[in-house]
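Participant: Once you've had a glance at the structure underneath, I'll fire off some questions.
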Amino acid sequence: MRSHETHEMREKNQMKRGRTRFAVGGRAGGAVAALFVLAATTAVATEPPVARRIPVADTLFGDVRVDDYRWLRDRSDPEVTAYLEAENEYTAAMTAHIDELEETVYQEMVGRIKETDLSVPYLDNGFYYYKRTEEGKQYPIFCRKEGSPDAEEVVLLDQNELAKGHDYFGIGATRVSPDNRLLAYLVDTTGSETFTLYIKDLVTGELLPDVIPEIDYALQWANDSSTLFYTTTDETRRSDKLWRHTLGTDPSDDVLVHHETDPGFGVWISRTRSDRYLIMDVGSRDTEEQYLLSADDPFGRFALVQPREDKVEYYLSHRGDEFYIRTNDGAKNYKVMKVPVDAPSKDNWTEVIPHRDGVKIERVETFANHLVVAEREKGQRRIRVMNLDTGDEHYVEFPEPVYAVYPSENREYQTATIRFSYMSHVTPTSIYDYDMGTRERELLKQKEVLGGYDPALYASERLFATAADGTEVPVSILYRRDAKRDEGNPVYLMGYGAYGASMDPWFSSNRLSLLDRGVIYATAHVRGGGEMGEEWWEDGSMLSKMNTFTDFIACSEHLIDEGHATPDGLVATGGSAGGLLMGAIANMRPDLYRIVIADVPFVDVLNTMLDASIPLTVGEYDEWGNPNEEEYYFYMKSYSPYDNVGALDYPDMLITASLNDPRVQYWEPAKWAARLRATKTGDGLLLLKTNMGAGHGGASGRYERFREWAFEYAFMLDRLGLGSDAAGE
């Protein structure tokens, strides 16, 4: 619980935030609104809602665009709420017949999990920390034991108790003070990802009066256990300020440590595993600079390591008298350098691991005697272990050709053991301790799949589709071995393709509800993701973004050409930036798909990226381009889903949104659905379902999330005519 969050971890979190959208906004339409009537307010539930149209014209570069549904941005307008609720009522009416199927799928999902369970305890500063769940309860319980996993349990936070009276309840960062006495934690009660800081005395069980609202994700202790650093955001939800708080003082007197004024950059704070340093990171999508402060001197000044250079990233990890640095300076796929702690500027960097064209270095972690490097080659993750005293090095071996592996909770610095999480499409999540010296591993826990799961019944493999420009695009497929894959099975094809995020072959027991009904589960590893290195990302962003969409279409056609699927049974699905992908392919090739499911989709690309007041807009010019420049404007307009809705026979479509989503605001899917209703032809079913009390990730409780997943699966199975019992039951 006491964070030693490396910048490799920070990158992961930043990617999670960056690949989705924050947004705020006000009313459009003004006085003319009174002249229009919302048809949805008088429509019966079995008739699709029709949103009123208020044309608002924008002109740029001589191009006139008309937005009929901009008024939906005003969440304070009762007619906006009425429209969203009317859409929900229509969705409920049109799916009432699948209630029993939804309940069946829900019970299948819940029946596979061990409802009363606990995570593998990890050691941190003399205490073993873990979370446990109890049957029937929505949330985990945070616990620790002193000195031994067999010691008496102390409950730190019971999220179930804290959540009482709240429709949504999320816990963000949790940080135990270096003296082990205090727990600082962040709470979000709306899904908006704006947190309130609380501090609990773990000896008395009482909350301290130090309560700080309206803060962001980052939170770290100094070594004195009385000084906290945290970040806040500006009006666009950009993390722009780092603050220092001293326990017992009024938060209004907190000291502003750094204010980042460049709208393309954000601020983060982390702590080295060695406990020696606090690191302030100031970064954009592709540029970083870092500042160091001794964790023993919280009132000192953060010292700049190396001034920012455009498109140069570097990340420090401390060991002894040196920092090890992962950087892309002159190394597209990154290299590893080292430098003395007392002279960390780039002039003193020396090479440890050189750049390699076919291998991307994704993460570096330092321990007292070892360097652990996460690499990716040909789409596959690997763990490289280097003994920094002897120079010996090796790669950790894994039993399957296609798998996913991630460093787990490694909080201790003085250790020769690392912990990692291993899984594949057929192997449940497995937690291992690995001795870096003897190369022996111990399986600590494998996620139980109740109900008689037999991995031998399932198989996975990787195919390659050829894109229009000749690029080979990987497609991972998962299926039951007894499925006849050459007879046009139903195929559930997901895609993402943005921010360099890789869609690794992780395990999910929920998929069994599809596989056991004969559905093939597939993932298109399209450009824009990071599966094949930095170039794979670059080739699916900016003025190459169209590759993401044509890659997905090529993967779809390949599955059909190889006999795995037919257009009558092909389901396309993606969320957030993957929802943009869904919107684009629905406009480009609606004939290829039976169903398109778009979760919290980023589909109003041009309007969003033209509005610098909307969060992430300026910071994402390096991902999508700046449409205030003519070349980017017309390129983005060519694929923006909302701007390209046509009089087409669209497939059945399920679109989801969340009212409190700070990343993809509810109005993007709402506007898209309204324009689709007014424009599309054919009899394809179009449903919009808005969660009126959650954020980007949907419901906060685990059973509520199962309900959401079960609804989407039931919708899909029903439309495919697969509502009967699962195979083998």
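Participant: Select from the range 221-244 the residues that are in contact (Cβ under 8 Å) with a residue 60 or more places away in the chain and not in a strand (DSSP E or B) and write down the one among them that is surrounded by the fewest Cβ atoms within 10 Å (Cβ to Cβ).
Facilitator: 235
Participant: Hey, could you check the range 683-704 for residues that are under 14 Å from residue 102 (Cβ atoms) and modelled with pLDDT of 95 or more and say which is surrounded by the most Cβ atoms within 10 Å (Cβ to Cβ)?
Facilitator: Among those that are under 14 Å from residue 102 (Cβ atoms) and modelled with pLDDT of 95 or more, it is 689.
Participant: When both residues are 6+ apart or on different chains and their Cβ atoms are under 6 Å apart, which pairs have a first residue that lies in the range 62-87 and is closer than 19 Å to residue 686 by Cα, and a second that is at pLDDT 95 or above and of a type in the set (Val, Ile, Thr)?
Facilitator: From residues that are closer than 19 Å to residue 686 by Cα, the pairs are 72/80; 84/690.
Participant: To continue, here is another question. Six or more apart or on different chains, Cβ under 7 Å: which pairs go from a residue in the range 193-220 that's in contact (Cβ under 8 Å) with a residue 40 or more places away in the chain to one that's assigned to a loop (DSSP other than H, G, I, E, B) and hydroxyl-bearing (Ser, Thr, Tyr)? Could you list them?
Facilitator: Final answer for the pair search is 220/3.
Participant: When you go through (1) of a type outside the set (Phe, Trp, Tyr); (2) out of contact with any Leu (no Cβ under 9 Å at 6 or more places or on another chain); (3) farther than 26 Å from residue 697 by Cβ one by one for residue 177, which number turns out not to apply?
Facilitator: (2)
Residues are listed down the side, and each one gets a yes or a no for (1) out of contact with any helix residue (DSSP H, G or I) (no Cβ under 8 Å at 6 or more places or on another chain); (2) farther than 27 Å from residue 409 by Cβ; (3) outside the structural domain of residue 408 (by TED's automatic domain parsing):
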site	(1), (2), (3)
328	no, yes, no
343	yes, yes, no
354	yes, yes, no
358	yes, yes, no
372	yes, no, no
376	yes, no, no
388	yes, no, no
391	yes, yes, no
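Participant: Still on this structure, please answer the following. Only residues that are part of a loop (DSSP other than H, G, I, E, B), buried (at least 21 other Cβ atoms within 10 Å of the Cβ) and not basic (Lys, Arg): list them for the range 261-282, please.
Facilitator: Taking the range 261-282 as the starting set, the residues that turn out to be part of a loop (DSSP other than H, G, I, E, B) are 261-265, 272-276.
Subsequent filtering for residues that are buried (at least 21 other Cβ atoms within 10 Å of the Cβ) retains 265, 272-273.
Across the range 261-282, the qualifying residues are 265, 272.
Participant: Also, quick follow-up: Anything in the range 346-364 that is in a loop (DSSP other than H, G, I, E, B) and modelled with pLDDT of 95 or more? List them, or say none.
Facilitator: 349, 354, 355
Participant: Now, a different point. With respect to residue 406, determine if the residue is within 22 Å of the chain's Cα centre (by Cα), aromatic (Phe, Trp, Tyr), in the same structural domain as residue 303 (by TED's automatic domain parsing) and part of a strand (DSSP E or B).
Facilitator: Answer is yes for this residue.
Participant: Please go through the range 448-482 and pick out each residue that is closer than 12 Å to residue 524 by Cα and aromatic (Phe, Trp, Tyr).
Facilitator: Listed by number, the list holds a single entry, 464.
Participant: A follow-up question, please. Which of the residues that make up the range 176-192 are closer than 15 Å to residue 159 by Cβ, without any contact (Cβ under 8 Å) to a residue 60 or more places away in the chain and of a type in the set (A, V, I, L, M)?
Facilitator: Correct list: 186, 187.
Participant: Being assigned to a helix (DSSP H, G or I), within 26 Å of residue 169 (Cβ to Cβ) and among the aromatic types (Phe, Trp, Tyr) is the requirement here; does residue 706 meet it?
Facilitator: yes
Participant: Can you find a residue in the range 495-507 that is more than 27 Å from residue 313 (Cβ to Cβ), crowded, with 17+ Cβ neighbours inside 10 Å, under 22 Å from the mean Cα position of the chain (by Cα) and hydroxyl-bearing (Ser, Thr, Tyr)?
Facilitator: The answer is no; no qualifying residue exists.
Participant: For the range 528-604, please list each of the helices (runs of 4 or more DSSP H) lying entirely inside it that holds at least 1 residues being surrounded by fewer than 24 Cβ atoms within 10 Å (Cβ to Cβ) and outside the structural domain of residue 656 (by TED's automatic domain parsing). Working first, answer last.
Facilitator: Details: elements: 534-538, 546-561, 577-588.
Ranges flagged: none.
Participant: Could you please give the count of residues in the range 343-355 that are touching a residue at least 12 places away in the same chain (Cβ under 8 Å) and either charged (D, E, K, R) or farther than 16 Å from residue 321 by Cα (or both)?
Facilitator: Going through the range 343-355 one residue at a time, the tally reaches 5.
Participant: Looking at residue 155 and the list (1) without any contact (Cβ under 8 Å) to a residue 24 or more places away in the chain; (2) outside any strand (DSSP E or B), which single condition is not satisfied?
Facilitator: Result: residue 155 fails condition (2) only.
Participant: Against the condition within 18 Å of residue 575 (Cβ to Cβ), among the aromatic types (Phe, Trp, Tyr), in the same structural domain as residue 553 (by TED's automatic domain parsing) and not in a loop (DSSP other than H, G, I, E, B), how does residue 499 come out, does it pass?
Facilitator: When the stated conditions are applied, residue 499 does not pass them.
The values are calculated or read from the model by the stated rules, or taken from the named source; none is laboratory data. Computed from a predicted structure; not experimentally measured. Note: ideal-geometry Cβ built from the backbone for every residue, glycine included; neighbour counts use all protein chains shown.
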